[in-house]
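What follows is a single structure, written as structure tokens, with notes after it.
Values quoted throughout were computed directly from the atomic coordinates according to the rules given, and no laboratory measurement underlies them. Source: prediction; values computed, not measured. Neighbour counts are summed over all protein chains in view; Cβ atoms, including those assigned to glycine, are modelled from backbone coordinates with ideal geometry.
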Amino acid sequence: MPIFPTAPAQIHPFFGYRSETRLMLRARALRSRRNEHNSGGRWQAIRTLMSHYASHEVKALDVRMDLKSPDGEVVSHRAVTDKEGYVVFDIGLPGEWPLPDRPRWEVVELHWKNDEGEQCVPAHVLAPGAETHLGVISDVDDTIIETGITGSPRALLRNWRRLLAQHPEERIAVPHADTFYGALGGARFDPEEASHLGESLPATQRPFFFVSSSPWNLFSYLVAFKKAKGLPLGPMVLRDWGLNRETFGSSSHGGHKVDAIKQIVGFYPDMRFALVGDDTQGDVTAFGEVAEAMRGRIAAIFIRKAAADPLSPEEVAAKASIEALGIPMWLGPSYDAGKQFLRATGLVGDKDAKDIVDTVEEAQ
């Protein structure tokens, strides 16, 4: 049952991204009070998270997106929410729409009407730098945030208890993830100017994208977690799933991840990507499939060894396929060793990532 069945319709934007010719932005319309993941008691944590799950979707809501062109003209696009409340702006950018010299978060406006009248909310869109040649696509669960999920019902239930009872800043980040991602991302640029609509976000030298089988309901939770732990922000491709095992289990995880990564890689035909994941949800086989399908587009693969079990036959075959393609691959238990691998491959401080080694190193 919705917690706020009569609350005014609100738009909850997700992070978008753009190129010189195209812009992608998703948002969702819900009847809910605006609840942020601020510090508070356990009941507040539970209430905030449940509000994102038990809220009431608003279908057939007309939404207008306004963005400012390079010459200062406001360009508008309209879309209507679907039966689950989602709205997607996948638009071509008219005329010349060059990328900034370095990566930057840009701000667009979303407009709609509810019972309280005209409404407006800012939405952030990531624009890679014009000279950006390498991006990063990362998993989330057990890659940056500890879940302990191994596919068992008990592990799944334990993670949901963490979600319900813990604020994002209380969750445990994967050890050394902040320094590893900081090295992989390169320089961090502060916003050049604050937006009058809301918070401006710092961008990293190499843009980050995140893919996960986690539901879109957890978007704000994951953003708050990354901010608290000093991890880079980036657009996320999550799933429209509810409170069920498949949300965090391994079922269908690989197919979603492969499709999401292909979508991002295809969006930026002039960029190569480093893929970062773990061995708990089929990332090795998913990355192998992507590397085979998107030949020449994957610069390096990093897999955190989170599970005690050896690689499955399918994962061993995928690893061999990645090696055969000449893609440097790191497979190890600690991001601290992974950072050393980054330095050895030349990814740290090498703008074009031209000096990546040709062989796979096993970090101990």
Item to complete: Quick one: net charge around V125, please, counting Lys, Arg +1 and Asp, Glu -1 for every other residue with C-beta under 9 Å from its C-beta.
Response: 0
Fill in: Proximal charge balance of V58 [Cβ under 13 Å; K/R count +1, D/E count -1]
0
Discussion item. Can you tell me the length gained on complete extension of the stretch K227 to E84, counting 0.36 nm per residue apart and subtracting the Cα distance?
Written reply: 48.7 nm
Worksheet item: Going highest first, how would you order 273-284, 68-79 by mean Cβ packing within 10 Å?
Response: 273-284, 68-79
Practice prompt. Calculate, for S69 and D259, the FRET efficiency according to 1/(1 + (r/R0)^6) with r their C-beta to C-beta distance and R0 30 Å; round to the nearest 0.05.
Written response: 0.45
Discussion item. Greater than 31 Å separation of Cα atoms is the criterion. Which listed pairs, K83/K229; K59/K305; K226/K257; K68/K226; K113/K257; K83/K305, meet it?
Written reply: K83/K229; K59/K305; K113/K257; K83/K305
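For the peptides 310-317, 232-239, what is the packing order when you average, over each peptide's residues, the other Cβ atoms within 10 Å and list the highest mean first? Could the numbers behind the result be given before it?
Numbers: 310-317: 13.5, 232-239: 22.0.
So the order, starting with the most tightly packed, is 232-239, 310-317.
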Worksheet entry | Label-point separation, E323 to C120 (7 Å along Cα→Cβ), nm | 5.8 nm
Fill in: Length released on extending from E292 to K59, taking residue separation times 0.36 nm less the Cα-Cα span
80.0 nm
Practice prompt. Given the peptides 203-215, 18-30, arrange them by the average over their residues of other C-beta atoms within 10 Å, most packed first.
Written response: 203-215, 18-30
